[in-house]
Amino acid sequence: MIKSLYTFRLFLAGLLASLALSAHAQLSIEITGAGASRFPVIIPIFENEGRLPQSVTDVVRADLERSGLFTLIDTGPLPMPESVMPDLAGVRARGADAVLTGSLIPMGDGRYEARFRLFDAQKQQELGAMALPMSPAQNRLVGHRIADFVYEKLTGLPGYFATRVAYVIKSGTNFELQVADADGMNAATALRSREPIISPAWSPDGQRLAYVSFEQKKPIIYVHTLATGQRRVVANFKGSNSAPAWSPDGSQLAVVLTKDGLSQLYVVGADGSGVRRLAQSSGIDTEPFWGADGRIYFTSDRGGSPQIYRIPASGGGAERVTYDGNYNVSPRLSFDGKLLAFITRNAGRFQVAVQDLATRQTTILTDSARDESPSFAPNGRMILYATDSGGRGVLSAVSTDGRIRQRLTVQAADVREPAWGPQIR
């Protein structure tokens, strides 16, 4: 009996410690900059929302407000049901250009159907409607999808709220590879290690992460299936194995190996088969990113200083992409292939820059000093990156016009190596 009570107390202590760790590991987001003009919109509470333990409307409102593109106009606690035509003249009188009406319809099995309609108050017309089945526990996912719907209808760009981000937390001597919703909630640990974990990269289907782990006292590339926790070694050659980047179809990875000497680019199957060398270089080639345009962008010092080049995934001659400055590294291509984000050295500071590949115009987006690891949101509107603040690592996000800024921190820990996951529809 005494032994059973002791065992229960140990279990309870472990559970409380686990809950405390989760609370500390939660990303918190601070908005540090907003768009010059914000879209005024009314998001009333959904009809029947009081029946749910957690709100849907709060998630929609928080997503839109955090985007820096919307101003929420309060109309009080009364709902505007989806089945009722709203008073659009009254909406305009309150200073709003759009209104979302919504209801949660009980389905008889404990589930609900979230029905919603969006109206343009200026043009006095409906912009669209949708219905999403949900369980009460899916309030956050459904809220993110409703926010994506509003964002796309009003900006013309796909939303990014129902996506996930991966990042690495370092606390003391412990490293954790974590995955969270794009708003930092629902953080879960995919891998814990006392050795560094770096370079997480999402597969195009959002189901797997490739990364480099030093748990065997050397850099080895793994592919990790998130749903099952199963891992596969993809590259464990002599020397260093680093910087995995998925092909657009998810069947291959571009990697950097030193098995034949200097760091060079190779392509390997996602199951570890069929390694082939992509290029021969007299310099160090590293940090590949496999673009949807069929070319691999990478960093190389073959010209004397670190610059960004690109090469066809099938091999061939390399083409230099960056020319401004003498230090440009860590290329990441937007999902539409129009913009290239990278880290540039500017007056001794390492900052996030973006280049329009059509015009070759480069814009520095940040004013910090130690930025690294840029990663585009699926809609190409925001760039997530790691930087320093107060002597510890934090994540920040900046819009591609530099106006909207967010900071994502984890209490009492360094957070690094961000990677924004794909949009899964």
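Protection proxy ranking for 346-359, 192-205, using the average of other Cβ atoms within 10 Å per residue and placing the highest first: 192-205, 346-359.
Taking amide hydrogens as placed 1.01 Å from N in the peptide plane, the amide H of ASN346 sits under 5 Å from those of GLN351, each at least 5 positions away in sequence or on another chain. Rolling a 1.4 Å probe over the protein heavy atoms of region 181-247, with every protein chain left in place, gives an accessible area that is 47 percent carbon and sulfur.
Among the lysines of the chain, pairs that are 8 or more positions apart or on different chains and have alpha carbons within less than 20 Å of each other number 8. Split the accessible area of region 273-417 by element, probe 1.4 Å, and carbon with sulfur accounts for 43%. Measuring nothing but how far apart in sequence close Cα pairs (under 8 Å, 6+ apart) lie, relative to its length, region 48-124 scores a relative contact order of 26 percent. Rounded to 0.05, the FRET efficiency of the ARG231 and GLN122 pair, given R0 = 45 Å and the Cβ-Cβ distance, is 0.30. Selection among ASN236, THR409, VAL354 by position relative to the dipole of the chain gives ASN236 as farthest towards the positive end (Cβ unit charges, Cα centre).
Amide H to amide H, which residues 5 or more places from ALA279 or on other chains are under 5 Å from it, using H placed in the peptide plane? Hits under the 5 Å cutoff: LEU265.
Once a ≥ b ≥ c are taken as the square roots of the eigenvalues of the Cα gyration tensor of the chain, is the result rounded (a/c under 1.5), prolate (a/b larger than b/c) or oblate (a/b not larger than b/c)? Since a/c reaches 1.5 but b/c is at least a/b, the shape of the chain is classed as oblate.
Keeping the other protein chains in place, figure out the carbon and sulfur percent of the accessible area of region 137-176, with a 1.4 Å probe. Mind showing how you got there, number by number?
Working: 760 of 1470 Å².
About 52 percent, which is the carbon plus sulfur part of the accessible surface.
When the P(r) is computed for region 148-252, the part past 24 Å accounts for 30% of the Cα-Cα pairs.
Classify region 52-207 as rounded, prolate or oblate, taking a ≥ b ≥ c as the square roots of the eigenvalues of its Cα gyration tensor: rounded when a/c is under 1.5, otherwise prolate if a/b is larger than b/c and oblate if not. Prolate is the answer for region 52-207, as a/c is 1.5 or above and a/b outweighs b/c. Taking every protein chain into account, the accessible area of the chain amounts to 45 square angstrom per residue (probe 1.4 Å). Distances between every pair of Cα atoms in region 149-203, grouped in 10 Å steps from 0 to the bin holding the largest one, split as 23, 39, 23, 12, 4 percent.
Here region 131-175 and region 354-424 have alpha carbon centers that stand 18 Å from each other.
Sort the following peptides by mean Cβ neighbour count (other Cβ atoms within 10 Å, averaged over residues), highest first: 99-112, 146-159.
146-159, 99-112
With each label modelled as a point 7 angstrom along the Cα→C-beta vector, the ALA358-ARG51 pair spans 4.9 nm.
The values are calculated or read from the model by the stated rules, or taken from the named source; none is laboratory data. Because the structure is predicted, anything quoted here is derived from the model rather than measured. Neighbour counts are summed over all protein chains in view; Cβ atoms, including those assigned to glycine, are modelled from backbone coordinates with ideal geometry. Heads up: the accessible areas ignore ligands, DNA and RNA and are worked out on the full protein's heavy atoms, side chains in. Shrake-Rupley method; radii C 1.70, N 1.55, O 1.52, S 1.80 Å.
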